[in-house]
1. With +1 on each Lys and Arg Cβ and -1 on each Asp and Glu Cβ, and nothing else charged, work out how big the dipole of region 378-479 is about its Cα centre, in Debye to the nearest 20.
2. Peptides 352-362, 303-313: what's the order by average Cβ count within 10 Å, highest mean first?
3. Direction-averaged shadow area of the convex hull around the Cα atoms of region 462-526, nm²?
4. Which value, in debye to the nearest 20, gives the size of the charge dipole of the chain about its Cα centre, when Lys and Arg are +1 and Asp and Glu are -1 at the Cβ?
5. Counting only protein heavy atoms, what percent of the accessible surface of the chain is carbon or sulfur at a 1.4 Å probe?
6. Stokes-Einstein at 37 °C, 0.692 mPa s, Kirkwood radius from Cα pairs: D for the chain in µm² s⁻¹?
7. For the chain, how many pairs of lysine residues have a Cα-Cα distance under 20 Å, where the two are 8 or more positions apart or belong to different chains?
8. What number comes out for accessible area per residue over region 126-184 if the probe is 1.4 Å? Units Å², please.
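The values are calculated or read from the model by the stated rules, or taken from the named source; none is laboratory data. All of these numbers come straight from a predicted model, not from anything done at the bench. Positions of Cβ are backbone-derived with ideal geometry, glycine not excepted, and every protein chain shown enters the neighbour counts. Keep in mind that these areas ignore ligands, DNA and RNA; they rest on the heavy atoms of the full protein, side chains included. Shrake-Rupley method; radii C 1.70, N 1.55, O 1.52, S 1.80 Å.
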Amino acid sequence: MIGTLLARRASPTVAVVGALLGLYLTGVVDAATTFSGFSNRAPITIAALYVVAGGVDRSGALSAPLRRVLDASTVRSGVARLGLCTALLSTVVANTPVVAMLISPVRRWADRRGVAASKILIPLSYATIVGGMVTVIGTSTNLIASGLIDAEGGEPFGFFEPARIGTLVAAAALVVIVAVGPRLMPDRGGIDDGSVVSPFTVSLVVEPGGALDGVSIAQGGLRNLPSVFLAGVQRGSEIVAPVSPDFVLHAEDELTFAGQVTNVVDLDRLAGLRLAEEKHVVALEDRSHAWFEAVLGATSPLVGHTIKQADFRRSYQAAVVGLHRGDQIVDAKLGEVRLQVGDSLLLVADTGFRERWKRRGDFLLIHRRSEPPPSVQTKGLTAILVLAVVALLPMFGIVDVLKSAVIGAIATVITGVLTPRQAREAIDIDVVIMIAAAIGLGATVEQSGLAARIGTQVAELFGGGGIWFAAFGIVLVTIVLTEMITNAGAVALMIPVGLNVAESVGGNQRIFALGVAIAASASFLSPIGYQTNTMVFAPGRYRPTDYLRLGIPLTILVLGIVPLCMTLGRGLW
C-alpha cells in the first residue's frame with residue numbers, strides 16, 4: 001500500500017481499500033475485522049457533516065460574512081482574518097468541506113485585490129487543518145482516531161478532548177501563518193489583465209436593508225470591480241447613466257453592470273445585491289444547476305421576440321440573467337430587450353440543458369461555463385441554524401457527535417436547504433470510503449500483531465531517552481507517514497502503535513492517542529498528505545516544493561509542542 005501511494009499508481013482510496021481486501025482474501029484477518037470500519041461511527045459522521053456543510057455552501061449563507069472578512073486593505077490582514085475565521089469554522093465543520101466552500105471565493109477576492117491566489121490558498125489550507133485539531137468533528141483524522149479507540153474498547157473522544165493538545169498547536173500555528181505565510185508563499189500570477197472582452201450586461205437589485213442600501217457607489221466598493229463596470233442605475237422610471245461615485249443607492253434600485261463574463265457571473269456574490277432574475281433562479285433550485293452561454297442563430301424562434309414574450313423560463317427551463325450583443329451595452333431591462341441574431345445569452349439552467357437543446361435550432365451554440373453556480377440565499381438562516389445545532393448538541397453533552405451530525409443532515413433535507421439529490425452530491429464518497437477502510441486497516445494492524453511489533457521497535461529505538469523521547473519518535477514517524485500515505489492511513493497505522501508504546505514506557509495511552517491524531521493532521525510538507533492540501537494545489541498553481549516554505553516552520557512547531565504535551569500526560573488540562 002505504501003509503495004503504491006508513493007508511486008502514485010492509484011488514488012489513496014483505491015490503495016487503502018485494495019490493501020485491506022488483499023489482507024482479507026489472503027486470510028490474514030477475518031471479515032469482521034476487515035469491514036469493521038464500515039460499521040464504525042466515523043465515516044457515517046463525516047458523510048452527515050458533508051451534507052450539513054453542503055447546505056451552508058449552497059444556501060450562500062457565508063457569502064456576505066466572507067466578503068466582510070476578506071474586505072481587508074492588505075494581503076496579510078486578509079490572511080489574518082481569513083485564517084482566524086476558517087480555523088474557528090473548522091472546529092464545528094469538517095475542514096475538507098470548509099476548504100471546498102472557500103477556494104472559489106478566495107480566488108475571486110485575490111483577483112479583485114490584484115494579488116496571486118497562491119499567496120493565500122496554502123495558508124488557508126493550513127489554517128483549516130490546525131482549526132480542525134481542536135474538536136473531534138473538525139477533521140476526519142480525529143474521527144478516525146476516535147473510531148479506533150472505540151474499536152479497542154475504550155471511550156470515544158469527547159467533543160473538545162482533542163483541544164487538550166490541539167488548542168496549543170492551533171494558536172501557535174496561526175501566529176506563524178499570519179506573520180510569515182504571505183511573505184513565504186510564491187507569486188504564481190494568474191491575474192486578469194483588466195481588459196473587457198465580449199461585454200455581457202447583467203442586472204442586479206439592491207436588497208432592502210442590505211449592505212448597499214443607503215450607501216454610495218464608492219463606499220460600496222462598486223467602482224473598482226475587476227473587468228466589470230457599472231453602466232447605469234434604474235430607480236423606478238428614472239435611469240441614471242453615467243453614475244457618479246457619490247450616488248447613494250436605495251432599496252430596489254436596479255444596477256446594470258457590463259464586463260467579462262467570468263467576472264459578471266461573480267456579481268451575485270456581492271453583499272447587498274441579488275440577481276434581478278432571482279425569482280426565476282429560485283424556481284430552478286429543485287435540481288443541480290449551472291451557468292451556460294447560448295448564442296442565437298438565424299433560425300432561432302427567439303429572434304425578434306423579447307424574453308418575456310417567449311416565456312423563456314417555462315419554455316426552456318432556464319433563466320436569462322445576462323446578454324451580450326457585440327460591443328453594445330444593453331441598457332433596457334432584460335425581459336424587454338428584443339433579441340437579435342448573434343445575441344449571446346447568459347443562462348442559469350439545470351445541468352442537462354445543453355444535451356436537451358444542442359441539436360435543436362433554438363440556439364446556434366451552447367457552452368457550459370466552469371464558474372460555480374449562482375447562489376440563492378433563500379435558506380441561509382436555516383442552514384446556519386442547522387450548523388449551530390450540530391455544533392451545540394454534542395458540545396453540551398445532549399447527544400453524541402454521530403447523532404448530532406445525522407440530525408443535522410436530516411434537518412438540512414427536511415427544511416429544503418438541500419434536495420435529496422443535492423444531499424447525495426454533497427457527500428465526497430471517496431473520502432468516506434477511505435476513512436472506513438482506514439479504520440479497518442487499523443484494526444488489522446492491531447489484530448495481526450504488527451502494531452505490537454512496531455511498537456516494540458519504536459520503544460527500543462526511542463524509549464531509552466524516557467517518555468519524551470518515545471513521544472517525539474511517535475510524532476516524527478506519524479508525520480512522515482502522513483506525508484507519504486495521507487492522514488487516514490497514518491492514523492490507522494499509528495494509533496495502535498502509539499497505545500503499545502505508551503504502555504511500554506509508562507505514558508498516558510489516551511494522551512498518546514491524541515498526540516498521534518494531532519501529528520497525523522499536521523501535514524504541512526506536501527500536497528498529498530492531507531486532502532485540503534491537495535484541493536488547493538491546482539487552483540494555486542503550486543509546485544510540490546512550495547508547501548515546504550511555510551510547512552517546515554509549522555512542522556518544527558508541532559514537533560516541539562505535541563511530544564511535550566504527551567510527556568506531561570495532560571495537555572491543557
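1. Its charge dipole is roughly 300 debye.
2. Sorting 352-362, 303-313 by mean packing, highest first, produces 303-313, 352-362.
3. The orientation-averaged projected area of the Cα hull of region 462-526 comes to 3.7 nm².
4. Taking the Cα centre of the chain as origin, the dipole is about 540 debye.
5. Details: 13250 of 22670 Å².
Ligands and nucleic acids excluded, carbon and sulfur give 58 percent.
6. Numbers: Rh = 25.4 Å.
In µm²/s, the coefficient rounds to 129.
7. Working: K279/K308; K279/K333; K279/K379; K308/K333.
Counting lysine pairs in the chain gives 4.
8. Per residue, region 126-184 has 26 Å² of solvent-accessible surface.
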